[in-house]
1. Return only the number of the condition from (1) touching a Phe, Trp or Tyr at 6+ places or on another chain (Cβ under 9 Å); (2) at pLDDT below 90; (3) within 11 Å of chain B (Cβ to nearest Cβ) that A:Ala132 does not satisfy.
2. Condition test on A:Ile117, is it surrounded by fewer than 24 Cβ atoms within 10 Å (Cβ to Cβ), of a type in the set (Val, Ile, Thr) and facing another protein chain (nearest Cβ under 8 Å)?
3. Output yes when any residue across the stretch B:285-306 is within 25 Å of B:Lys438 (Cβ to Cβ) and not in a helix (DSSP H, G or I), and no when none is.
4. Can B:Ser509 be described as at pLDDT below 90 and of a type outside the set (Phe, Trp, Tyr)?
5. Just name the residue that is nearest to the other protein chains (Cβ to nearest Cβ) out of those in the stretch A:94-114 that are among the aliphatic types (A, V, I, L, M) and within 23 Å of the chain's Cα centre (by Cα).
6. Could you tell me which numbered condition B:Glu112 fails, if it satisfies all but one of (1) surrounded by fewer than 13 Cβ atoms within 10 Å (Cβ to Cβ); (2) in a helix (DSSP H, G or I); (3) not polar (S, T, N, Q)?
7. Kindly indicate whether any position in the stretch B:268-275 is touching an Asp or Glu at 6+ places or on another chain (Cβ under 8 Å) and under 17 Å from B:Tyr495 (Cα atoms).
8. Filter the stretch A:149-177 down to the residues that are of a type in the set (Gly, Ala, Ser) and touching a residue at least 40 places away in the same chain (Cβ under 8 Å), then identify the one that is surrounded by the fewest Cβ atoms within 10 Å (Cβ to Cβ).
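The values are calculated or read from the model by the stated rules, or taken from the named source; none is laboratory data. These numbers come from a predicted model, not from an experiment. Virtual Cβ from ideal backbone geometry, glycine too; neighbours counted across all protein chains shown.
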Amino acid sequence: MCPMIFNGRTNMRENTSENSGNKLVVEAMQGDVDRLLDTSVLTTVADKFIGWGRKNSLWPLPFGTACCGIEFMSVVGPRYDLARFGAEVVRFSPRQSDLLIVAGTITEKMGPVLKLIYDQMLDPKWVLSMGACASSGGFYRSYHVMQGADKVVPVDVYVPGCPPTPEAVIDGVMKIQELIMSGKKRPRA
Amino acid sequence: MNDVQKNIQDEMSQTFNGAIGFSESFGDWVGEFPKEKNVAILNHLKNHHHFDFMMDLCGVDYPTRGKRFDVVYHLYAPTTKARIRLKTQVGENETIDSAVGVWKGANWFEREAFDLFGVKFNGHPNLRKILTHQEFIGHPLRKDYDANRQQAATKVEDMWFEPDPDYKEDPNKNLVPINIGPSHPATHGTLRVMAQLDGEIIDRCNVEIGYLHRCFEKMAETHLFNQIIPYTDRLNYCSAPMNNVGFCKMVERMMGVTIPPKAIAMRIVLAELSRVIDHLVCIGTNAVDLGALTVFWHIFEQRERVYTLFEKLCGARLTVALTRIGGMAYDNPPGWEKECLTTITGIKKAVEELDSLLTGNKIFIGRTQGVGKISQEDAIAYGYTGPCLRATGVNLDLRKAEPYYGYEQLDFDVPIGTEGDTYDRYLVRMEEMRQSLKIAEQICKNMPSGDFTIRDKDIVLPDKKDVWGNIEGLMNHFMLVIKGVRPPVGEIYDYTEAANGELGFYLVSDGGPKPYRLKVRPPCFAIYQSFPSMMKGAYVADVIAALGSLNIVAGELDR
């Protein structure tokens, strides 16, 4: 945790008392400042503030490979509208996004591609695995399907379903938001 | 056997001195011949008997037999409406002559048979793996390959191009390699296009597939027939019910089951609604790629409405598994038809709005007319079916050509194009949506009453109230779950007109509860292989426009 940056109350008082050129003015100002601090300034820690900003401005990269990709379109589409959670700016460039949504089956052939894309994303980054296939291989227990995207990238939130309903995906995104806000270590690093 | 088949059979027996043994299997016409004659026979059928289409080519493995593999061709003659299945046996260390010289479309099908079975084709221009990754060892569809043995890939595949003896790299050109996909917004899924650019012009390009090879066919061999239905959902996931219908229709024909009128009506409604949403996704995403985002937001709402209808039938939105062998999975809730009619009216309006947004739009016309053009001859040679074929002006729609489920009694038209370019494909899809809505409307207005499934205890599970309520129901349920649905021994190929074209299922049954071999004939597979030649000399921006209009769905392409 970094030191409080909005803990201006003490700092401001110290500064003003040192500068004792015009005591009357300073006292009058102090009253104003106190009132201002009480009503319109929030005191918090930097991480919390940054986390709050991050959680409400996620830029997802939809790594849509299969059916879940189609359902993800519904998630960002007009009825479910992921924009309400600040995550509508879908970016296909890994360098511009901070939430990787693995939507769909990852095959063995696709594995190295997924890894490459994850590595290209800048920190901080989160991964949401959408659907049974991305989470565990789903009902494809077969020779060319990777048994879960977590074999190559660390996953923060798993959303079950085949495909999950858009509500479930939104719930997953909210779980990611909680994770960002809490500043906790990801389940698997 | 009809007269056409008899004439061909007599003529063929004479020409090839009885080398072909003809037979019939569940109404399919079958010819078997020694592998040395394959190209001569295929050529003869194509040139003398109008078998213009090679619909499918696949392998079948019989490990205990002397000559281990069957190579199976499915041909179709649209003028005489004749279909024939040709089979020939190939040993493990033998080769068979390639059919690429006869049909260009054989190229990828042969590569697939090589990849999955290890059948070697003599004279194939580039026999390399197509679905599995390049580090994969073995041939997974052979019976001795364990379905659950994964092999990891360590690196992303390098760019490569088809070997072309005529191609010479011009040293004066500054060629820039460019790779699009497999994770790219404009490829919708897992397609990968590799190109060399001369400025903005494509000097040559190639495609790599298999990034979504989920082993449908191996999974089918390890599951009971009714368990395969959810897997079929995930073939073309934009229109899942159509795959259910195609698969169940095939098994039903093999078992000689006639489904009740209500089930047929429901299947038609579901299939036509799926066709509409499939086309909507295709047009919507295609327009997004060209910069028209409004269309996407606007028409996705219509799709949601259809999903709501599906949800009311079964609880699922996208992957519905709505049919069962013998009928439907559930009866429709009261008032469903009425709601369906309301939705249809809404979509009709939306289609007209879509029409006003795009059809006359100068930018859209500029980006699509004359782009991604393919001639009739090429389309047929590659095995195009569905809207992409009709856009070139070929009037072939299986719902009219070989009607099933009483499509002949319904009032609808088949739109065809003239140019075979991206714009025509768009126009054909637009009109097809209108026609599909018309069909669904006709059925919904006259929904037959009666049962939604047959009641044969060896095929259909009893109602839950019987399972829990009486001993007979419990017994029947137990027996069917343990025994599974068992089609008779034999082979069958059956087809329906899916959103992208002919969706065929070829089943080899050994009388057991699981298929011995199930091959899907995916319409996009044949279409996509023409992409490199279609794009040669085009602008790189046109790749995006043309790719979107072909509607390649990776689940169906890679299976």
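1. All conditions pass for A:Ala132, except number (2).
2. It is true that A:Ile117 is surrounded by fewer than 24 Cβ atoms within 10 Å (Cβ to Cβ), of a type in the set (Val, Ile, Thr) and facing another protein chain (nearest Cβ under 8 Å).
3. No, the stretch B:285-306 contains no residue that is within 25 Å of B:Lys438 (Cβ to Cβ) and not in a helix (DSSP H, G or I).
4. no
5. Among residues in the stretch A:94-114 that are among the aliphatic types (A, V, I, L, M) and within 23 Å of the chain's Cα centre (by Cα), the one nearest to the other protein chains (Cβ to nearest Cβ) is A:Val113.
6. So B:Glu112 meets the others, but not (1).
7. Among the residues of the stretch B:268-275, at least one is touching an Asp or Glu at 6+ places or on another chain (Cβ under 8 Å) and under 17 Å from B:Tyr495 (Cα atoms), which makes the answer yes.
8. Applying the filter and picking the extreme gives A:Gly172.
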